[in-house]
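First up is the structure itself, then whatever we jot down about it.
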Ligand SMILES: C[S@@+](CC[C@H](N)C(=O)[O-])C[C@H]1O[C@@H](n2cnc3c(N)ncnc32)[C@H](O)[C@@H]1O
């Protein structure tokens with residue numbers, strides 16, 4: 001197995017995890033570390049197989065630049081390819097020299113072996129790989145016909161795999177929710193009105209209900225307003241979240257973070273906390289959205305974000321693979337000062353964006369440096385900031 005996955009990272013030294021370290025270190029189990037590495041390898045192999053499915057093996061064997069590969073393709077193909085080529089080079093599946101990417105020899109593209117390794121060491125995560133296989137089998141027309149990525153990725157065939165991904169039992173997704181929960185829990189006042197942005201499959205609300213009841217702080221939440229822009233997620237939550245998150249004082253509403261909140265019925269200074277897990281990075285105009293969110297918080301209220309974090313803006317994260325096909329992810333308004341790139345950001349870039357929007361007392365759970373520099377598997381964190 002070691003030969004299949006290569007070296008598996010050691011868990012971080014607890015001294016790197018900050019004051020909540022005792023609650024965070026249990027995330028770094030051997031199954032988590034194995035699944036993280038296997039997911040990285042599986043994603044890289046899927047990327048290369050996809051390029052071969054598209055008929056580009058000969059071009060890659062001869063050596064091709066990004067421009068070469070994009071010739072004759074719809075414009076939208078450039079973004080995912082601009083991500084895939086450096087990612088494949090970082091994973092040693094392509095050789096890169098002066099912007100030319102070359103496929104050499106017969107790289108290991110075995111998928112079944114990775115699945116077996118995970119079935120043994122982190123059972124119950126087949127759906128993560130089914131999602132990657134599904135993207136490979138569905139996304140071709142994005143490149144060949146210019147079809148919309150959202151429609152291809154979120155069709156009925158793939159939707160169950162997304163739901164299986166966004167759950168607390170998924171070892172590589174759970175850290176997003178746990179770290180955000182730890183950040184939200186601190187300083188939640190009695191009678192708190194909380195709003196969740198992009199609540200999706202509802203896994204965070206479920207964790208709030210479960211941990212809040214166990215730890216005795218659930219009754220502090222007077223209202224938990226679950227929101228999402230997608231009617232499918234909202235309807236699903238309205239049907240099932242009450243039972244899945246018992247004791248949580250739920251309210252539901254459709255909410256698009258790209259539209260003014262006032263017009264969507266959220267009054268100024270009406271909330272104690274706004275929480276969003278892996279959603280704020282799709283804000284089309286991050287500056288405008290952060291300003292708007294801040295204006296909806298009471299004095300001292302907090303914005304709490306869970307986000308995938310990059311150690312450096314140029315470092316590809318395997319999880320970005322899916323999102324490079326989604327317009328809302330790639331098509332955001334950039335500003336070198338507070339929105340330097342589309343997609344996931346570094347902790348420091350989030351600090352600058354939040355400070356620019358007037359937030360104070362910005363805190364990270366866990367403190368991201370030097371943790372992220374020492375621990376490549378640590379690519380997520382929570383950030384809380386006061387209005
Ligand atoms: C990565 S998922 C978060 C999943 C969720 N935290 C969970 O555990 O299931 C992002 C969510 O953001 C929602 N979303 C995307 N664009 C949005 C927008 N403009 N406004 C509000 N929500 C949005 C999506 O529908 C999706 O449910």
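The values are calculated or read from the model by the stated rules, or taken from the named source; none is laboratory data. Predicted, not measured: the structure shown is a model, and the values here were computed from it. Note that each Cβ is placed from the backbone with ideal geometry, even for glycine, and that neighbours are counted across all protein chains shown.
The rows are residues; the columns are (1) loosely packed, with under 15 Cβ neighbours inside 10 Å; (2) over 17 Å from the mean Cα position of the chain (by Cα); (3) assigned by TED's automatic domain parsing to the domain that holds residue 319; (4) part of a helix (DSSP H, G or I).
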| position | (1), (2), (3), (4) |
| --- | --- |
| 181 | no, no, yes, yes |
| 184 | no, yes, yes, yes |
| 190 | yes, yes, yes, no |
| 195 | no, yes, yes, no |
| 207 | no, yes, yes, yes |
| 213 | no, yes, yes, yes |
| 223 | no, yes, yes, no |
| 227 | no, yes, yes, no |
| 237 | no, yes, yes, yes |
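Quick check, is residue 312 more than 12 Å from the ligand (Cβ to nearest atom) and surrounded by fewer than 23 Cβ atoms within 10 Å (Cβ to Cβ)?
Values: more than 12 Å from the ligand (Cβ to nearest atom): yes; surrounded by fewer than 23 Cβ atoms within 10 Å (Cβ to Cβ): yes.
Here the answer is yes, as residue 312 does meet what is asked.
Among the residues of region 292-309, are any farther than 27 Å from residue 74 by Cβ, in a loop (DSSP other than H, G, I, E, B) and at pLDDT below 95?
no
Answer with yes or no whether residue 367 is in contact (Cβ under 8 Å) with a residue 60 or more places away in the chain, more than 16 Å from the ligand (Cβ to nearest atom) and within 27 Å of residue 135 (Cβ to Cβ). Walk me through it before giving the result.
On the way: in contact (Cβ under 8 Å) with a residue 60 or more places away in the chain: yes; more than 16 Å from the ligand (Cβ to nearest atom): yes; within 27 Å of residue 135 (Cβ to Cβ): no.
Here the answer is no, as residue 367 does not meet what is asked.
Restricting to region 166-204, give me the number of residues that are under 20 Å from residue 218 (Cα atoms) and more than 13 Å from the ligand (Cβ to nearest atom).
Qualifying residue count for the region: 12.
Can you pull out every residue in region 245-283 that is in contact (Cβ under 8 Å) with a residue 12 or more places away in the chain, more than 30 Å from residue 214 (Cβ to Cβ), within 9 Å of the ligand (Cβ to nearest atom) and in a loop (DSSP other than H, G, I, E, B)?
Of everything in region 245-283, those that are in contact (Cβ under 8 Å) with a residue 12 or more places away in the chain, more than 30 Å from residue 214 (Cβ to Cβ), within 9 Å of the ligand (Cβ to nearest atom) and in a loop (DSSP other than H, G, I, E, B) turn out to be 256, 257, 258, 283.
Going by what's in this entry, would residue 231 be described as more than 8 Å from the ligand (Cβ to nearest atom) and touching a helix residue (DSSP H, G or I) at 6+ places or on another chain (Cβ under 6 Å)?
Details: more than 8 Å from the ligand (Cβ to nearest atom): yes; touching a helix residue (DSSP H, G or I) at 6+ places or on another chain (Cβ under 6 Å): no.
Taking the combined requirement at face value, the residue does not satisfy it.
Please find, within region 164-178, the residue that is nearest to the chain's Cα centre (by Cα) out of those that are in a helix (DSSP H, G or I) and crowded, with 18+ Cβ neighbours inside 10 Å. Talk me through it step by step, then tell me what you get.
Of the residues in region 164-178, the ones in a helix (DSSP H, G or I) are 164-165, 174-178.
Next cut, crowded, with 18+ Cβ neighbours inside 10 Å only: 164-165, 175-178.
On the way: 164: 14, 165: 11, 175: 11, 176: 8, 177: 11, 178: 14 Å.
By that ranking, first place goes to 176.
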